[in-house]
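Notes follow the structure.
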Amino acid sequence: MTKETLCGDFYTNCFEADQEQEGRLIINMGPQHPSTHGVLRVIVEMEGEYITRAEPVIGYLHRMHEKMGEIKTYHQYMPNMGRVDYLHALAWNWGYIGSVEKLCQIEVPRRAEFIRVITCEMNRICSHLVWWGAYLLDLGAFTPIMYSFDDREMAVDLLQMVTGSRLTYCYYRFGGVRTDVTDAFIEGTRDFCKLMKRRLPMYKDLVTDNYILRKRCEEIGVLPLEMARRYGATGPVLRGSGQKYDVRRSEPYSVYPELDFEIPVFSECDAMSRYRVRVAEMEQSVRIIEQALDMLPQGDFMAPKAPKRIKPPKGDVYFAVEGGRGKIGVYIISDGSTTPYRLKLRSPSYSNLSLFAELARGTLLADAVSILGSLDLVIPEIDR
Amino acid sequence: MNLYGEIVEAIKGLYSLAVGMGVTGRYAFKPQVTVHYPRKTVDNIATYSGHVELLPGAKNPSGTDCIVCGTCARNCPSGCLDVQVLELMEENPDPEKKPKKIKKLNALMYDYSYCSLCGQCVENCPVTALGFSHHVYWAEFDRKDIKMDLVARLHEQLKTGKEA
């Protein structure tokens with residue numbers, strides 16, 4: 001086949017020209033594919049049913065968040081954070097707000113810290129529930145997403161009560177949170193914790209123990225720890241490879257050191273291990289929420305001296321939080337003006353995706369779908 | 001794996017499927033949690049913050065408290081608010097002095113297609129003249145139509161006495 005007869009685009013042509021062999025088939029997974037949860041495109045070279053090469057093509061959802069950070073003031077950049085990772089928006093909120101607070105040395109009241117912990121963990125449960133449903137949907141099980149969305153609906157209603165929105169939250173403010181939590185929210189959250197404690201064993205019966213699921217996940221996509229480290233994987237992907245690394249414990253921020261929770265680690269390194277980490281994390285999040293509700297002090301939800309206009313001193317700051325997908329880092333360089341000189345967002349999905357090319361090599365196409373799902377990618381976060 | 005092991009695994013696998021089917025069976029007899037959307041609507045949307053609206057003033061119940069400072073438009077990340085000022089000359093009771101110049105809010109043009117509902121305008125308003133509405137099902141076929149004059153909306157609301 002000559003180059004002129006190729007009808008693919010730039011990426012496909014480069015990919016084909018790279019290694020031309022007879023009997024190989026090149027297919028595109030995406031950008032519009034039901035198993036990629038967004039506009040992720042993976043070019044796959046197949047030999048029969050086996051993948052010989054896979055290459056993710058990203059950039060279909062690039063929205064220049066980092067550039068927007070340079071031209072907007074510190075306050076105006078806040079709503080962008082809810083759009084980077086729409087599933088765990090509050091962690092990104094926290095990452096950005098926390099870094100500016102660290103730069104300007106703004107004190108946060110204790111009540112606000114606890115409200116942040118409660119809402120962020122609620123959001124983490126929502127995020128994992130969506131992943132749980134969507135992953136099983138990828139594997140061909142339709143029913144579980146109905147159960148997970150039923151539970152998520154309750155959590156989202158509760159978050160809507162305090163944040164005013166259902167998905168793209170913009171709730172944290174420099175020196176606190178936007179609105180105080182109500183008694184209805186606290187009662188509702190306690191009920192939600194009770195509900196989740198009932199539902200998680202049901203999830204285990206329905207799905208985790210299921211023979212068909214285990215066959216689709218066990219010993220699929222084995223990611224050795226050394227490889228996960230090499231690609232900079234974080235979050236459940238790294239913990240599923242046996243490394244006990246969680247930003248909430250290793251670089252403690254806020255009131256997490258006062259809370260008692262465990263970091264689930266599974267060392268089978270396969271897709272099932274990553275699955276188990278996320279399900280166990282939901283349990284731990286419920287534990288954190290219950291403790292934080294008991295410890296929630298009275299007081300201000302917003303620092304009285306919080307500045308209306310942010311003009312930080314010269315310097316740079318890095319602040320990391322643990323998101324649903326891994327380590328979220330925000331690096332800000334300030335030149336002393338009202339806008340940052342440079343703003344860098346470290347997104348976990350980007351690192352987690354980069355290992356897919358190596359992980360998918362030599363697997364079946366159907367297993368590649370399972371591997372891609374088990375990485376829990378959120379495409380807007382990859383492109384930013 | 002020998003034959004015995006395979007038989008045991010098959011039985012265990014079948015048992016796990018039966019347990020899963022049991023869960024499905026139990027839930028089949030529980031009340032329905034979804035609604036048929038166009039025929040029925042959900043009521044959990046009450047706390048949702050809809051688009052930005054002008055609130056009836058505390059000092060001026062028949063209009064707005066807006067002092068036309070433009071803080072909302074300046075703080076908006078997307079520039080979706082446009083404050084249109086009407087400058088009036090008020091007659092001064094003392095005829096020797098110059099007439100006073102007063103500013104009034106003529107129109108507050110709001111472009112919902114750019115708004116990300118972050119609440120910067122609501123928080124920064126010095127007289128709390130802005131708030132979030134409960135008008136959550138606002139949708140249009142054309143992007144050009146998803147704009148409104150908030151002052152006109154407020155007057156309409158005050159005239160009819162109900163939330164639009």
Taking the alpha-carbon distance from A:K72 and a cut-off under 18 Å, which lysines remain once sequence neighbours fewer than 8 residues away in the same chain are dropped? A:K308, A:K311, A:K314, A:K344
What is the distance in Å between the Cα centres of segment A:264-292 and segment A:302-328? 27
Considering protein heavy atoms only and a 1.4 Å probe radius, which residues within segment A:38-76 exhibit an accessible-area decrease of no less than 50 Å² in the full assembly relative to the chain by itself? A:Q76
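Restricting things to Cα coordinates, could you compute the convex hull volume per residue of chain A in Å³?
Normalising the Cα hull of chain A by residue number yields 136 Å³.
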Per the helix-only model, chain A has a calculated mean residue ellipticity at 222 nm (DSSP H runs of ≥4, -39500 (n - 2.57) each, divided over all residues, rounded to the nearest 500) of -14500 deg cm²/dmol
Relative to the longest principal axis of chain A, what angle (0 to 90°, nearest 10) does the C-alpha long axis of helix A:110-138 take? 20
Between B:E90 and A:T338, what is the label-to-label distance in nm when each label sits 7 Å out along the Cα-to-Cβ direction? 2.9
Work out, step by step, the length gained on full extension between B:E6 and B:K101: first 0.36 nm times the residue separation, then minus their alpha carbon distance; give nm to one decimal. 25.0 nm
A:I145: accessible area at probe 1.4 Å, nearest 10 Å²? 30
Computed [θ] at 222 nm, helices only, for chain B once each DSSP H run of length n ≥ 4 contributes -39500 (n - 2.57): -9000 deg cm²/dmol
Please give the contour-minus-distance gain from A:D260 to A:L364: 0.36 nm per residue of separation, less the Cα-Cα distance, rounded to one decimal in nm. 33.3 nm
Only sites in a loop by DSSP and with at most 13 other Cβ atoms within 10 Å count here; which trypsin sites (Lys or Arg not before Pro) in segment B:71-164 make the cut? B:K97, B:K162
Cα extents of segment B:52-160 along the three principal axes, largest first (Å): 56, 32, 25
Positive-pole candidate from B:T47, B:N2, A:P307, dipole of the protein assembly as shown, charges at beta carbon: A:P307
Take A:R361, A:R309, A:R63 and sort them by solvent-accessible surface of the protein heavy atoms, 1.4 Å probe, largest at the top. A:R309, A:R361, A:R63
Which residues, if any, in segment A:163-193 lose at least 30 square angstrom of accessible heavy-atom surface (probe 1.4 Å) when the other protein chains sit next to their chain rather than the chain being alone? A:G164, A:R166, A:R173, A:R178
A:V222 accessible area, 1.4 Å probe, all protein chains in place, Å² to nearest 10: 80
How many Å² of accessible surface get buried when B and A come together, counting both sides, probe radius 1.4 Å, rounded to the nearest 100? 2300
Have a look at segment B:64-113 and report residues whose accessible surface goes down by 40 Å² or more when the remaining protein chains are included, against the chain on its own, probe 1.4 Å, ligands and DNA/RNA excluded. B:P77
Nearest 0.05, what FRET efficiency do A:D180 and A:E47 give at R0 = 45 Å with Cβ-Cβ as r? 0.15
Just subtract the alpha-carbon distance of B:A152 and B:T34 from 0.36 nm times their residue separation and send over the number in nm, one decimal. 38.7 nm
Those aspartates and glutamates that a straight Cα-Cα span of less than 14 Å connects to A:K244, excepting residues fewer than 8 apart in one chain: A:E226, A:E262, A:E268, A:E281, A:E322
Label-point gap, in nm, between B:I67 and A:K204 - each point 7 angstrom along Cα→Cβ: 6.1
Just the number, please: carbon plus sulfur as a percent of the accessible area of the protein assembly as shown, 1.4 Å probe, no ligands or DNA/RNA counted. 55
So which lysines pass the test for B:K104, namely a Cα distance under 23 Å, with those fewer than 8 places away in the same chain ruled out? B:K59, B:K147, B:K159
Surface per residue (accessible, 1.4 Å probe) for the protein assembly as shown, Å²: 48
Between segment A:356-370 and segment A:132-180, what's the alpha-carbon centroid distance in Å? 30
Considering the zone a paramagnetic label at B:W138 would reach in this model (a point 7 Å from Cα along the Cα-to-Cβ line), which residues of segment B:27-54 have amide N under 13 Å from it? B:49-54
Table column - 3J(HN,Hα) (Hz), segment A:373-384, Karplus curve with 6.51, -1.76, 1.60, x for Gly and Pro: x, 6, 7, 6, 8, 10, 5, x, 6, 5, 7, 6
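The values are calculated or read from the model by the stated rules, or taken from the named source; none is laboratory data. Computed from a prediction, not measured in an experiment: that's the story for all the values here. Here Cβ is always computed from backbone atoms with ideal geometry, including for glycine, and neighbour counts include all displayed protein chains. The accessibility values were calculated without ligands, DNA or RNA, using every heavy atom of the protein model including side chains. Shrake-Rupley method; radii C 1.70, N 1.55, O 1.52, S 1.80 Å.
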